[in-house]
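Student: Before anything else, here's the structure in question.
Values in this text are rule-based calculations from the coordinates and carry no lab data. No experiment lies behind these values; they were computed from the predicted model shown. Cβ: placed from backbone, ideal geometry, glycine included. Neighbour counts: every protein chain shown.
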Amino acid sequence: MPQPIISLVVARGRNGVIGRDGDLPWRLRSDLQRFKAITMGKPCLMGRKTWESLPLKPLPGRLNLVMTRDESYEADGMAKGALVCSTLDEAIEIGRETAQDDGVDEICVIGGTALFAAALPRAKRLYITEVDAAPEGDAVFPSFDETAWVEVSSESHPAGDKDDHA
């Protein structure tokens with residue numbers, strides 16, 4: 001089996017916004033279902049703030065890898081159900097070993113901004129949900145050369161009854 005690739009999974013507004021006040025600036029049930037389908041069974045790498053924003057910790061059915069520079073984070077019990085990593089290289093190594101052991105072909109980076117920026121140069125796949133809104137926010141997806149990527153698929157979905165944004 002080839003070495004598992006690094007994939008980024010993100011929903012972003014037209015203005016690049018991915019977060020506001022430690023949360024998502026929208027509620028998109030359909031995208032949460034897509035997120036689950038993409039990431040289930042795969043190692044998921046996230047920053048501390050993304051971990052803390054999760055309503056359910058850890059994400060079930062996935063190895064949760066939390067990156068933080070806070071050396072006491074794990075000892076203080078802040079990451080129950082997750083592995084804490086202090087460097088991107090460490091997290092990727094653990095993620096790839098786990099993915100290979102589990103027979104999956106990718107590890108998923110799920111946020112936030114700093115982790116996306118650090119992982120983007122190593123990524124081989126991007127799962128981007130383009131939200132048709134431009135909400136205010138304090139976290140944005142890093143800019144990148146979109147012409148360097150090949151779009152493999154694109155789908156359009158109208159807002160559902162349980163989808164909203166502010």
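Student: At a Förster radius of 35 Å, what calculated FRET efficiency corresponds to the Cβ-Cβ distance of residue 162 and residue 89, to the nearest 0.05?
Tutor: The computed FRET efficiency comes out at 0.35.
Student: Which of 142, 121, 43 moves most in a GNM of the chain, Cα contacts under 10 Å?
Tutor: 121
Student: Continuing with this model, one more query. Can you pick out the pairs among 36/124; 36/57; 57/124 whose Cα atoms lie more than 18 Å from each other?
Tutor: Cα-Cα > 18 Å for 36/124; 57/124; rest within.
Student: Then there's this: Run the reach check for residue 80 against aspartates and glutamates, Cα to Cα strictly under 12 Å, same-chain hits fewer than 8 apart removed. What comes back?
Tutor: Within the straight-line limit of under 12 Å, residue 80 reaches these aspartates and glutamates: 52.
Student: Where the only charges are on Cβ atoms (+1 Lys, Arg; -1 Asp, Glu), what is the dipole of region 5-142 about its Cα centre, to the nearest 20 debye? Let's see the in-between values first.
Tutor: Values: 18 positive and 20 negative charges, 101 e Å.
In total the dipole reaches around 480 debye.
Student: Continuing with this model, one more query. Could you let me know the centre-to-centre spacing of region 35-93 and region 94-166, using Cα atoms, in angstrom?
Tutor: 16
Student: Here's a follow-up. Just rank 155, 52, fewest to most, by other beta-carbon atoms within 10 angstrom.
Tutor: Numbers: 155 6, 52 14.
Ascending number of Cβ neighbours within 10 Å: 155, 52.
Student: Only loop residues by DSSP count here, and only those with at most 12 other Cβ atoms within 10 Å; note down the GluC sites (Glu not before Pro) in region 64-109 that meet that.
Tutor: 71
Student: Over the chain, one equal point on each Cα, no solvent: what is log10 I(q)/I(0) by the Debye formula at q = 0.11 Å⁻¹?
Tutor: Calculated log10 I(q)/I(0) at the listed q: -0.44.
Student: Here's another thing I want to ask about it. So which trypsin sites (Lys or Arg not before Pro) in region 1-106 pass both tests, a DSSP loop state and at most 16 other Cβ atoms within 10 Å of the Cβ?
Tutor: In loop regions of region 1-106 (DSSP not H, G, I, E or B), the sparsely surrounded trypsin sites (Lys or Arg not before Pro) are 14, 69, 80.
Student: A further question follows. Counting DSSP beta bridges with both partners in region 5-142, what percentage is antiparallel, nearest 5? Working shown, then result.
Tutor: Values: 3 of 23 bridges.
The antiparallel fraction comes to roughly 15 percent.
Student: Test of understanding: in a Gaussian network model of the chain with alpha carbons linked when under 10 Å, which of 44, 85, 108 would top the mean-square fluctuation ranking?
Tutor: Evaluated over the chain, the most mobile residue of the options is 85.
Student: Figure the gain on full extension for residue 100 and residue 75 (residue separation times 0.36 nm, minus the Cα-Cα span) and round it to one decimal in nm.
Tutor: Fully extending the segment from residue 100 to residue 75 adds 6.2 nm.
Student: Highest GNM mean-square fluctuation, the chain, Cα pairs closer than 10 Å: which of 144, 116, 35?
Tutor: The residue with the greatest mean-square fluctuation here is 144.
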